[in-house]
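Single-structure report; data block below.
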Amino acid sequence: MSGSAHRLVVVGANHRSASLSLRDALFVDDASAPAFLEGVKRAGLAEALVLATCDRVEVWAEDMDPAHAARLVGEALAARAGLEPATLAAHLYTLSGGDAVRHGFTVTASLDSLVIGEPHVTGQVKAAHRLARDAGCCGGELDHFLQAAFAVAKRVRSETSIGEGPVSIAAAAVQTARDLHGDLGGLRVLLVGTGEMGELVAESLLAAGLKDISVTAPRAARAEAVAKSLDGHVLAFEELRESLASFDVVLTCVGARTVSVTAEMVTNALKKRRRKPVFLVDAGIPGDIEPAVNRVDGAFLYDLADLEKVALEGRATREAAARAARDIVEAEAQAFLRGRAARAAVPAIVALRARFDEVREQALAEAGNDAAEATRLLVNRLLHAPSEAMKDIASEGAEWRAMEKTLRTLFRLDE
């Protein structure tokens with residue numbers, strides 16, 4: 001398809017294309033987003049938003065020239081990471097047109113996350129939308145796309161069971177915490193890392209009555225942002241080892257391929273707790289807690305697979321829901337692209353109608369009250385320029401067959 005449907009561009013890095021350390025270097029927190037967006041706006045991109053999560057850092061932009069937009073975004077991201085654009089390029093993906101539309105719909109509907117179906121991503125896209133709008137970087141085209149993406153996410157939620165797995169995982173964590181500790185109101189919880197699944201479980205615990213939560217992460221800015229959203233406290237990551245004994249529930253979602261909580265740390269914490277048990281939920285992919293913690297007396301360690309068993313949620317059910325959800329995304333993407341292509345034709349249609357009205361007024365003025373003369377003049381003048389152009393095109397040969405087919409379709413000449 002042509003026209004405005006090809007103006008959407010996505011440039012970014014996610015958990016498949018880039019390491020956690022590179023994503024951390026690229027990460028744009030809420031406080032930095034206005035300056036980042038202002039920078040890409042000054043560079044020449046009028047419409048853009050930045051989506052930064054633990055899984056991805058992406059810029060979604062609208063521009064008439066996708067290659068131009070991709071270059072500007074690549075330069076902005078490289079500057080953010082302190083790298084040369086050519087060095088960063090190997091870790092970035094660029095999507096435009098229909099591919100960008102499908103990607104945006106898929107991400108917003110939570111179908112491209114480490115944990116399929118978790119609902120946080122939709123909220124993060126909405127937050128990115130607000131930041132872009134506040135920065136004056138979200139015009140009519142990008143806003144139109146985002147509203148469509150939110151509608152797709154809503155349809156996926158309402159028409160499939162894609163969200164039941166993660167929600168039931170969180171519910172299972174809440175139930176297990178209750179089984180171990182009883183009333184949640186007096187518990188202290190520590191969230192280690194800022195991944196969506198850990199935050200989802202934390203929110204479920206808060207909704208169930210928990211009141212005291214702290215957040216720590218290797219990147220302080222992320223910890224502060226999540227702590228603010230959970231109305232919690234920030235703990236310096238360097239204080240994790242010494243502070244572990246203070247918490248009754250420990251949620252981890254770092255996914256850094258290195259262990260954040262070891263069996264030794266948990267053993268020492270339990271000694272300080274005088275063997276009061278601790279409930280640990282490892283929501284990291286890969287895991288954040290040393291498996292040997294399972295052998296520590298007084299430590300109750302659950303990972304996502306354990307919680308799925310508790311919740312009786314099978315992967316087959318979720319995969320079937322994901323397939324149905326992707327069918328919805330594809331159908332909505334096709335409809336969106338068709339709608340955009342149709343909208344692209346509107347200015348030409350308006351101009352054509354205005355031209356026809358102008359010629360009609362001229363013919364009527366020259367013919368006076370003679371209707372036959374007026375219509376003869378109108379037909380001759382409306383067809384003169386197109387007839388000359390058709391002759392020229394036909395004489396060149398190459399494009400005439402396509403032009404003739406278009407004419408017969410437009411004016412229904414074969415009916």
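The values are calculated or read from the model by the stated rules, or taken from the named source; none is laboratory data. All of these numbers come straight from a predicted model, not from anything done at the bench. Here Cβ is always computed from backbone atoms with ideal geometry, including for glycine, and neighbour counts include all displayed protein chains. Heads up: the accessible areas ignore ligands, DNA and RNA and are worked out on the full protein's heavy atoms, side chains in. Shrake-Rupley method; radii C 1.70, N 1.55, O 1.52, S 1.80 Å.
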Practice task
Taking every pair of Cα atoms in the range 126-167, average 1/r, invert it to obtain the Kirkwood radius, and report Rg/Rh to two decimals.
Solution key: 1.13
Exercise for the section: Take the Cα pairs of the chain, get the Kirkwood Rh, then feed it into Stokes-Einstein at 20 °C and 1.002 mPa s and tell me D in µm²/s. Expected result: 86 µm²/s
Practice task
Could you go through the range 236-251 in sequence order and give the Karplus-derived ³J(HN,Hα) for each residue, using 6.51 cos²θ - 1.76 cosθ + 1.60 with θ = phi - 60°, rounded to whole Hz, and x for Gly and Pro?
Solution key: 4, 4, 5, 8, 4, 4, 6, 8, 4, 5, 7, 10, 8, 10, 10, 9
Exercise for the section: Have a look at T267, T194, T108 and tell me which one the Gaussian network model of the chain (Cα, springs below 10 Å) gives the largest fluctuation. Expected result: T267
Fill in the blank from the handout: Packing-ranked peptide list from 149-155, 323-329, 271-277, 211-217, highest mean Cβ count within 10 angstrom first, is 211-217, 149-155, 323-329, 271-277
Fill in the blank from the handout: Full extension between D179 and K211 adds, at 0.36 nm per residue less the Cα distance, a length in nm of 9.7 nm
Practice task
Treating the Cα atoms of the range 349-415 as identical point scatterers in vacuum, please give the log10 of the normalised Debye intensity I(q)/I(0) at q = 0.14, 0.20 Å⁻¹, two decimals.
Solution key: -0.56, -0.92
Problem - Listed residue pairs exceeding 30 Å between alpha carbons, taken from K228/K309; K41/K211; K126/K276; K41/K228 - result: K228/K309; K41/K211; K126/K276
Handout entry: With Cα atoms, 0 to 90° folded angle of helix 371-396 axis to the chain main axis
Key = 70 degrees
Problem - Sites R130 and E361 - FRET efficiency at Förster radius 45 Å, r taken between beta-carbons, to 0.05 - result: 0.40
Problem - Amide proton proximity set for L280, modelled H, under 5 Å, gap of 5+ - result: V250, F300, L301, Y302
Problem - Per residue Cα convex hull volume in Å³ - calculated over the range 177-239 - result: 78 Å³
Problem - Ellipticity estimate at 222 nm from DSSP helix runs (n ≥ 4, -39,500 (n - 2.57)) divided over the chain, nearest 500 - result: -18500 deg cm²/dmol
Fill in the blank from the handout: Ranked by GNM mean-square fluctuation in the chain (Cα springs under 10 Å), the top entry among G287, G44, G198 is G44
Problem - Average Cα contact separation per residue, the range 40-91, under 8 Å, 6 or more apart, as relative contact order % - result: 25 percent
Completion exercise
Descending accessible area (1.4 Å probe), largest on the left, turns E203, E62, E361 into E361, E203, E62
Fill in the blank from the handout: Largest first and rounded to whole Å, the semi-axes √(5λ) derived from the alpha carbon gyration tensor of the range 221-366 read 62, 21, 11
Practice task
Quick one: check the C-alpha center-to-center distance for the range 324-365 versus the range 220-297, whole angstrom.
Solution key: 57 Å
Handout entry: When the range 1-155 is reduced to its Cα atoms, the Kirkwood hydrodynamic radius in Å
Key = 15.2 Å
Exercise for the section: Only Lys, Arg, Asp and Glu count, each charged at its Cβ (+1, +1, -1, -1), so figure out the dipole size of the range 16-127 about its Cα centre, rounded to 20 debye. Expected result: 80 debye
Fill in the blank from the handout: Taking Cα atoms only, helix 220-229 is inclined relative to the longest principal axis of the chain by an angle, in degrees rounded to 10, of 80 degrees
Handout entry: Reciprocal mean inverse distance between Cα atoms of the range 133-241 - Kirkwood radius, Å
Key = 16.2 Å
Problem - Inter-probe distance in nm under a simple model that places probes 7 Å from Cα toward Cβ, at N380 and A348 - result: 2.9 nm
Completion exercise
Measuring from the longest principal axis of the C-alpha atoms of the chain, the long axis of helix 33-43 (C-alpha) lies at a number of degrees, nearest 10, equal to 30 degrees
Fill in the blank from the handout: Taking only the Cα positions of the range 285-415, the convex hull volume per residue in Å³ is 268 Å³
Problem - Highest-first arrangement of 347-357, 122-132, where packing means the average Cβ count within 10 Å - result: 122-132, 347-357
Practice task
Report the GluC sites (Glu not before Pro) located in the range 64-172 that are in a DSSP loop and have at most 13 other Cβ atoms inside 10 Å of their Cβ, or state none.
Solution key: none
Practice task
Can you tell me the order of 173-181, 299-307, 366-374, 229-237 when each peptide is scored by its average per-residue count of other Cβ atoms within 10 angstrom, highest first?
Solution key: 299-307, 173-181, 229-237, 366-374
Practice task
Normalise the Cα radius of gyration of the range 1-67 by 2.2 N^0.38 Å (N = residues in it) and let me know the number.
Solution key: 1.19
Exercise for the section: Work out, step by step, the length gained on full extension between Y93 and R188: first 0.36 nm times the residue separation, then minus their alpha carbon distance; give nm to one decimal. Expected result: 30.1 nm
